[in-house]
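Student: Let me give you the structure first, and then I'll get to my questions.
The values are calculated or read from the model by the stated rules, or taken from the named source; none is laboratory data. What you see is a predicted model; the values in this text were computed from it and never measured. Backbone-built Cβ (ideal geometry, glycine too); neighbour counts: all protein chains shown. SASA here: full protein model, heavy atoms, side chains in, ligands and nucleic acids out. Shrake-Rupley method; radii C 1.70, N 1.55, O 1.52, S 1.80 Å.
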Amino acid sequence: MPLLFPDRYFARLTCINVQRDLLDQGYSAVLLDIDNTVRSRETDSVPADVRDWLDCARKAGLKLCLLSNSWHESAFRFSAELGIPVVAKSCKPLVHGYFQACRKLGVRRREAVMVGDQILTDVLGAHLAGMTAYLVTPLSSVNIRSALWQRRVEEHILRNAEPEGLG
């Protein structure tokens with residue numbers, strides 16, 4: 001699989017079937033990007049269906065860890081709010097954050113999948129770390145300024161790809 005192309009591409013986090021797409025594939029842990037994957041950048045909140053998905057994943061026995069590039073205290077507050085451990089200041093796509101998250105959860109890289117909304121951070125970093133990467137479409141079209149050029153690159157990479165879970 002090319003470094004910049006996700007192993008799977010979903011319309012939304014909640015389109016990932018916990019049993020079929022995670023447990024049946026041998027994954028016991030999910031690393032989750034925060035902004036526009038779990039929490040909308042537009043509303044700064046977690047949609048109800050995403051909260052339900054997180055609860056379902058936990059009840060199914062999956063270990064969850066937030067993986068964020070944020071250097072702000074808000075990542076730690078968000079982690080506490082959801083009751084999910086976090087590796088902040090991860091500097092994705094550098095691999096140390098992915099390794100740290102796996103150590104924190106007590107899993108091997110092959111047992112974990114990264115789920116995020118950005119190719120040049122989440123997908124690339126997971127692949128560089130030797131992990132599977134699931135891409136989801138962003139919860140919101142609101143982006144930080146530094147991500148705007150990345151979105152143009154992503155459009156080019158995904159030009160012929162259709163996310164799973166539409167319709």
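Student: Net charge around Leu135, counting only other residues with Cβ within less than 9 Å of its Cβ (Lys, Arg = +1; Asp, Glu = -1)? Write down the numbers at each step before the final one.
Tutor: Numbers: positive: Arg8; negative: Asp7, Asp117, Asp122, Glu154.
Net charge in that neighbourhood comes out at -3.
Student: Where in the chain is the longest stretch that carries no GluC sites (Glu not before Pro) classed as loop by DSSP and with at most 16 other Cβ atoms within 10 Å?
Tutor: In short, 74-167.
Student: Could I ask something else about it? How much mean residue ellipticity at 222 nm does the chain get from its helices, if each DSSP H run of length 4 or more adds -39500 (n - 2.57) and you divide by all residues, to the nearest 500 deg cm²/dmol?
Tutor: -8000 deg cm²/dmol
Student: Let me ask something else about it. Which net charge results when you count Lys and Arg as +1 and Asp and Glu as -1 among the other residues whose beta-carbon is under 11 Å from that of Glu81?
Tutor: Residues near Glu81 contribute +3 overall.
Student: Would you mind classifying region 75-139 by shape? Square roots of the alpha carbon gyration tensor eigenvalues, ordered a ≥ b ≥ c; an a/c under 1.5 is rounded, otherwise it is prolate if a/b is larger than b/c and oblate if not.
Tutor: Oblate is the answer for region 75-139, as a/c is 1.5 or above yet b/c matches or exceeds a/b.
Student: Suppose we flag trypsin sites (Lys or Arg not before Pro) only when DSSP calls them loop and at most 15 other Cβ atoms lie within 10 Å. Which is the longest uninterrupted stretch of the chain?
Tutor: Between exposed loop sites, the widest span is 1-88.
Student: Assign one of three labels to region 1-88, namely rounded, prolate or oblate, based on the Cα gyration tensor with a ≥ b ≥ c the square roots of its eigenvalues; rounded applies when a/c is under 1.5, prolate when it is not and a/b is larger than b/c, and oblate otherwise. Provide the component values of the computation, followed by the final result.
Tutor: Details: a/c = 1.57, a/b = 1.32, b/c = 1.18.
Since a/c reaches 1.5 and a/b is larger than b/c, the shape of region 1-88 is classed as prolate.
Student: Still on this structure, I have one more. With all protein chains present, how much of the accessible area of the chain (probe radius 1.4 Å) comes from carbon and sulfur, to the nearest whole percent?
Tutor: With neighbouring chains kept in place, the figure for the chain is 51 percent.
Student: Mind jotting down the distance between the C-alpha centroids of region 46-66 and region 101-133, whole Å?
Tutor: A separation of 17 Å, based on Cα centres.
Student: Counting only C-alpha contacts under 8 Å and six or more residues apart, can you give the relative contact order of the chain as a whole percent?
Tutor: Computed value for the chain: 32 percent relative contact order.
Student: Using the heavy atoms of the protein chains alone and a 1.4 angstrom probe, what is the accessible area of the chain per residue in square angstrom?
Tutor: For the chain, the solvent-accessible area averages 49 Å² per residue.
Student: Quote to one decimal, in nm, the extra length available between Lys89 and Arg103 on full extension: 0.36 nm per residue of separation minus the C-alpha distance between them.
Tutor: Fully extending the segment from Lys89 to Arg103 adds 3.4 nm.
Student: Given that compact globular proteins tend to follow 2.2 N^0.38 Å, what is the ratio of the alpha-carbon Rg of region 44-111 to that value?
Tutor: 1.14
Student: Let me know the shape class of the chain, please: from the alpha-carbon gyration tensor, a ≥ b ≥ c as square roots of the eigenvalues, rounded when a/c is under 1.5, otherwise prolate if a/b is greater than b/c, or oblate.
Tutor: rounded
Student: Continuing with this model, one more query. Quick one: putting +1 on the C-beta of Lys and Arg, -1 on the C-beta of Asp and Glu, what dipole do you get for the chain around its Cα centre, in Debye to the nearest 20?
Tutor: 520 debye
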